[in-house]
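The values are calculated or read from the model by the stated rules, or taken from the named source; none is laboratory data. Note that the structure is a prediction, hence the values are computed from the model and not measured. Every residue, glycine as well, gets a Cβ built from its backbone with ideal geometry; the counts of neighbours run over all protein chains shown. Areas reflect the complete protein model, heavy atoms only, side chains present, ligands, DNA and RNA absent. Shrake-Rupley method; radii C 1.70, N 1.55, O 1.52, S 1.80 Å.
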Amino acid sequence: VKQYSKINIEKCPLCNSNVFSPKARPKDFRVSNETFYVVSCDGCGHTFTSPRPADEELHKFYGEESYISHTNSDKGLFNKIYLAVKRYATKKKSHLISEVAIKGKILDVGAGTGDFLNACKQQGWDVYGVEPSPIARVYAREQFQIELQTAEAVFNLPKRNFQAITLWHVLEHLPDLNEYFNCFEQLLTEDGTLVIAVPNFESQDARFYGDDWAAWDVPIHISHFSKLTMHKWAKKFGFQIVGIKNMPFDSFYVSMLSEKNQHSKFSFVKGAVQGLLSNLKSGKDNASSLIYIMKKINS
Ligand SMILES: [Zn+2]
């Protein structure tokens, strides 16, 4: 990516402070090889990539080919294991939703190829999804007969309509968190459940790999979350976090990618060891990625 316009974040989107401290200097290992700044707000701790590519330039940094969640290729051992794990994890996610939310209409934001919604459909959910990638939307239609809408459509959906809204590794990609949280609050019924999975920069593997931690994933990860800041975001929009769950497979996946970033030999084995250590040290709620389960405060 040779030329593109950058934006500098002047005001914290969570608390409006303008004093930030450096947090990490990770590299974009996916496309540009460029180093970016991750900063934390001194006022509230919200952590974000700044400067970052302007919203309309971000697509240049996705590097479609290596974007594994959209490829579904089963060539090679890594991809085979990845796909098997993905199938299992998808099922587990749909079971979790059926446990924590009242069954009815579910909206998956950034639905990808529709695998998760398909699993929900099989459990009796009425499924809806938005997804920016046209290729992924076609796949969801042909593979699962699920009609996903464009990303922008989320702002025009009927209010107080969904019992569950889910974002699986999507929130960290969204440009304006205030706009989206506000939208989710409006779309959910009063007894609705918001489920958000994001990387956790306070995990053991994040500390171990530092700037090489694969889940910084700059610049396409615009925001980065800890339990503290997620609590603050929830509160700002009238939600409370009622549960936090580890995503144990992410520790392995992220550790293996981090080893690759460090060009280490046997990255698969070393990543597996670090992933295991991270899970062992993470306790109940501090793994590489966390699932936050939120309800409206007065529900
Ligand atoms: Zn702040």
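Kindly sort 108, 250 by accessible area of their heavy atoms, largest first, with the probe set to 1.4 Å.
The ordering from most to least exposed comes out as 250, 108.
List the chymotrypsin sites (Phe, Trp or Tyr not before Pro) within region 241-295 that fall in a DSSP loop (any state other than H, G, I, E or B) and whose Cβ has at most 15 other Cβ atoms within 10 Å.
The qualifying sites are 266.
Over the chain, with the other protein chains present, what is the accessible area per residue in square angstrom, probe 1.4 angstrom?
47
Any idea which of 219, 283, 88 is furthest toward the positive side of the dipole for the chain, if Lys and Arg beta-carbons carry +1 and Asp and Glu beta-carbons -1?
Checked the options; the winner is 283.
How compact and how long is the chain, expressed as Rg and Dmax of its alpha-carbon atoms in Å?
18.4, 53
Quick check on region 46-161: what are the equivalent-ellipsoid semi-axes from the Cα gyration tensor, as sqrt(5λ), descending, whole Å?
24, 22, 15
How large is the charge dipole for region 1-128, taken about the Cα centre, if only the Cβ atoms of Lys, Arg (+1) and Asp, Glu (-1) carry charge, to the nearest 20 debye?
Its charge dipole is roughly 440 debye.
Loop only by DSSP, 14 or fewer other Cβ within 10 Å of the Cβ. Give me the trypsin sites (Lys or Arg not before Pro) in region 244-299 that pass, ordered by residue number.
Answer in residue order: 265, 284.
At 0.36 nm per residue, and after removing the present C-alpha to C-alpha distance, how many nm does the segment from residue 95 to residue 235 gain when stretched out fully?
Extending this stretch completely gives an extra 47.8 nm.
Taking region 188-299, how much of its Cα-Cα pair set, in percent, is spaced more than 19 angstrom apart?
That fraction is 47 percent.
Quick one: if the Förster radius is 51 Å, what FRET efficiency do residue 299 and residue 3 give, using the C-beta to C-beta distance and rounding to 0.05?
Efficiency computed from Cβ-Cβ geometry: 0.60.
For region 1-49, compute Rg over Rh where Rg is the Cα radius of gyration and Rh is the Kirkwood radius from the inverse mean 1/r over Cα pairs.
1.04
If ligands, DNA and RNA are left out, what is the accessible area of residue 57 with a 1.4 Å probe, given in Å² to the nearest 10?
Here the accessible area works out near 30 Å².
Measuring from label point to label point, each 7 Å out along Cα→Cβ, what is the residue 174 to residue 59 span in nm?
2.1
What percentage of the solvent-accessible surface of region 1-61, computed with a 1.4 Å probe over protein heavy atoms, is contributed by carbon and sulfur atoms?
45
Given points 7 Å out from each Cα along the Cα-Cβ axis, report the residue 135 to residue 242 separation in nanometres with one decimal.
If labels sit at residue 135 and residue 242, their model points lie 3.9 nm apart.
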